[in-house]
Amino acid sequence: MDDSKALFDYWHNRVRLKNYELIADSEHLPTQKLRHECTNYDELRSIPEVQQLDEPERSRVITIIKYECTAKVLQHRAGRLRDRANELEAVCHEQDQQKSKLVSLLKALQEKLFGKDKEIQKLEARIGSLQVENEALRAEAENSKAKAELVIELEQLKKKYNAVEKRRQELAKNNQSLGGKVSHTKRYKHQRDEAIALIEQQRQQIATLVQESQLLRQENERLYQKLKTLEP
């Protein structure tokens with residue numbers, strides 16, 4: 001079996017993004033739609049290089065292609081949405097600076113005519129930026145979900161591979177020397193250890209993203225409650 005990291009890197013480099021306007025759409029988009037319409041996923045899984053592989057290796061490669069396409073489009077989408085959220089934050093900050101320059105001249109009129117409007121507008125601008133950032137967070141969470149699904153699929157494929165490999169070893173047992181057996185066992189153990197290390201790394205990344213998601217939801221809820229208290 002090929003080195004796992006090298007195989008992931010190989011297919012990562014072959015993933016291409018497209019339909020960038022759809023990727024940057026601030027409305028919620030299902031991960032499946034992004035994968036099929038914004039990457040070359042369908043093309044990659046159908047090329048002869050993949051289809052000519054024997055099972056379970058073909059299924060394993062298609063799973064890796066699926067993960068790499070999903071991760072790349074979600075990461076790009078998260079970046080685009082975060083950039084938009086930062087732009088909204090900058091606009092909000094600039095508006096605050098402009099208003100502060102006029103506060104000495106308009107203070108009396110603002111208190112009489114607008115009351116709490118200034119604070120409400122500020123919170124509305126903040127909520128707008130948080131909504132965009134929430135969509136970015138959703139994309140990251142879906143990326144985490146895709147990683148978790150990949151771990152499960154790779155675990156299943158690993159079991160299938162182990163069963164096939166065990167059968168092959170049994171069929172070749174009478175024709176192998178003791179030295180050949182030891183060498184094959186060491187090589188398989190090395191591949192297994194690399195796969196376990198990769199899975200653990202992905203689990204740590206998932207835990208980090210989940211923690212970030214919880215913190216952002218708490219901040220969003222706090223601002224929403226503050227806005228409710230200002231409503232007439």
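Every number here is computed from the coordinates shown, using simple stated rules; none is lab data. Source: prediction; values computed, not measured. For neighbour counting, all protein chains shown are included, and Cβ atoms are generated from backbone atoms with ideal geometry for every residue, glycine included.
Treating the angle as unsigned and between 0 and 90°, give the value, to the nearest 10°, between the Cα long axis of helix 178-230 and the longest Cα principal axis of the chain. Tilt relative to the chain: about 10 degrees.
Between 0 and 90 degrees, the angle of helix 117-172 with respect to the longest Cα principal axis of the chain falls at about 0 degrees. Straight-distance candidates among the lysines for linking to Lys107, with alpha-carbon spacing under 25 Å and chain neighbours fewer than 8 residues away dropped: Lys99, Lys116, Lys118, Lys122, Lys226, Lys228.
Here the peptides 223-230, 53-60 are ranked by packing, the mean other Cβ count within 10 Å, and the order with the highest first is 53-60, 223-230. Cross-link pairs exceeding 20 Å in C-alpha to C-alpha distance, out of Lys5/Lys147; Lys147/Lys186; Lys72/Lys160; Lys66/Lys158; Lys18/Lys147; Lys33/Lys147, comprise Lys147/Lys186; Lys72/Lys160; Lys18/Lys147.
Packing order of peptides 46-52, 150-156, highest average first: 150-156, 46-52 (average count of other Cβ atoms within 10 Å over each peptide's residues).
Counting Cα-Cα pairs of the range 1-61 in 10 Å increments starting at 0 gives whole-percent bin shares of 18, 44, 27, 10, 0. Measuring nothing but how far apart in sequence close Cα pairs (under 8 Å, 6+ apart) lie, relative to its length, the chain scores a relative contact order of 25 percent.
Simple point charges give the picture: +1 on the Cβ of Lys and Arg, -1 on the Cβ of Asp and Glu, and for the range 4-230 a dipole about the Cα centre of about 720 debye. From its DSSP helices (H runs of at least four residues, each -39,500 (n - 2.57)), the chain gives a residue-normalised ellipticity at 222 nm of -30500 deg cm²/dmol.
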